[in-house]
1. At 222 nm, what helix-only mean residue ellipticity would the chain give, in deg cm²/dmol to the nearest 500, using -39500 (n - 2.57) for each DSSP H run of four or more?
2. Among the aspartates and glutamates, which have Cα under 14 Å from the Cα of K64 when same-chain residues fewer than 8 positions away are ignored?
3. Taking amide H positions as placed 1.01 Å from N in the peptide plane, with prolines and chain starts having none, which residues 5 or more places from L23, or on another chain, fall under 5 Å of its amide H?
4. Suppose R0 equals 51 Å. What FRET efficiency, 1/(1 + (r/R0)^6) with r the Cβ-Cβ distance, do V294 and A230 give to the nearest 0.05?
5. Calculated from the structure, volume of the Cα convex hull per residue in Å³ equals which of (i) 122; (ii) 258; (iii) 155?
6. Using 0.36 nm per residue, how much length does the chain from E279 to D183 gain when fully extended, once their Cα-Cα distance is taken away?
7. Karplus couplings for region 40-49 from phi (6.51 cos²θ - 1.76 cosθ + 1.60, θ = phi - 60°), rounded to Hz, Gly and Pro as x?
8. Which distance in nm do the two modelled labels at D81 and S301 give, with both placed 7 Å along the Cα-to-Cβ direction?
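FYI, it's all coordinate maths here, none of it is from the lab. Keep in mind that what you see is a predicted model, and the values were worked out from it rather than measured. Ideal geometry is used to build each Cβ from the backbone, glycine not excepted, and the neighbour counts take in all protein chains shown.
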Amino acid sequence: MTVGIPYVDPFGPARGPFTGSALVGLHLTWPVSNALIDSVLPYIGTLKGVTMTGGNLRHAKAVKPDLLVVYRDYRVEHPADFELLGGRGGARQYADRLMAVWQDANVLDVADYLEIMNEWKIPASWYPRLAEFSIYLGEILAERGIAILTGGFFPGMPEPEEFAALYPYLRWADGHPAGTWPDGSPKYHGVSFHLAGFMPPGVTSPGMIPWINDPWIAGRYTFFDQALRARHGYSLRDFRGPKLATELYWGYGFADEAGVWTTEQLRAGVRETARRLSEDGIVDGFHIWSVGQVANWIDLSPHLPGMLS
């Protein structure tokens with residue numbers, strides 16, 4: 001694939017649910033009562049769910065149609081190596097596996113974006129192939145009316161130069177809408193990553209971890225942007241698709257951290273994170289990890305809706 005893409009995009013910017021400020025949202029790891037969903041809907045602009053949360057997503061979208069809904073299915077976490085390296089044929093095989101679980105989950109008419117991978121570690125040399133693979137997958141799924149989020153990178157990953165290797169995908173997505181929003185504006189494929197959150201000065205906890213406010217973890221998107229600018233003269237701010245932090249927390253996210261923060265402290269963190277992300281103008285929204293009691297993950301349900309209001 002060529003590094004430069006020498007066309008002028010004929011498409012306008014997306015509007016849809018994006019207002020210019022970072023959307024605040026939640027990550028559902030397990031089904032919760034719809035009453036709990038109703039209690040937070042006035043305060044959120046986006047909601048992400050995983051396997052078995054489709055009922056909550058459907059309810060939320062029905063109540064608040066302009067809510068940005070994201071879905072990922074943990075039954076298919078990432079492509080097999082042979083799929084990633086297998087060109088268009090490999091991408092089609094992976095698309096078929098994704099479609100099978102999305103159809104089974106009954107979310108295709110609810111989710112605005114489908115996340116196609118989650119925290120997958122690959123060699124640095126594979127990132128150009130990931131860009132190519134994401135283009136193929138975006139083409140295939142757009143034919144079915146589906147917009148994707150590629151990436152799903154760990155907090156603190158990938159290296160900025162590795163992220164910059166996704167440039168061909170970003171430029172391709174800029175010129176190839178996957179559909180339209182209800183207002184008629186174009187809808188573009190996007191990218192996702194996982195981040196730590198920000199806390200305002202003076203808000204601390206004995207269990208506070210060094211990730212919080214760390215520019216390399218909480219603010220890693222700025223280094224992605226710098227690498228793209230240095231290598232390609234292109235900014236993430238210019239990318240027309242959404243850049244979403246689909247998992248974000250003020251800790252590692254394990255259940256034994258439940259008492260680390262008070263509701264008021266979490267509320268301060270939500271506000272500071274929304275302020276910082278909106279001020280930087282790169283990340284379009286974030287999903288707070290996590291809501292719903294499952295496995296060894298933290299459940300923030302007791303803090304809702306106080307942490308958002």
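1. Helix contribution divided over all residues of the chain: -10000 deg cm²/dmol.
2. Within reach: D38, D112.
3. So L23 has HN proximity to G285, F286.
4. Calculated value: 0.80.
5. (i)
6. 32.0 nm
7. With coefficients 6.51, -1.76 and 1.60, one gets 10, 4, x, 10, 10, x, 8, 8, 10, x Hz.
8. Spacing of the two 7 Å Cα→Cβ label points: 4.1 nm.
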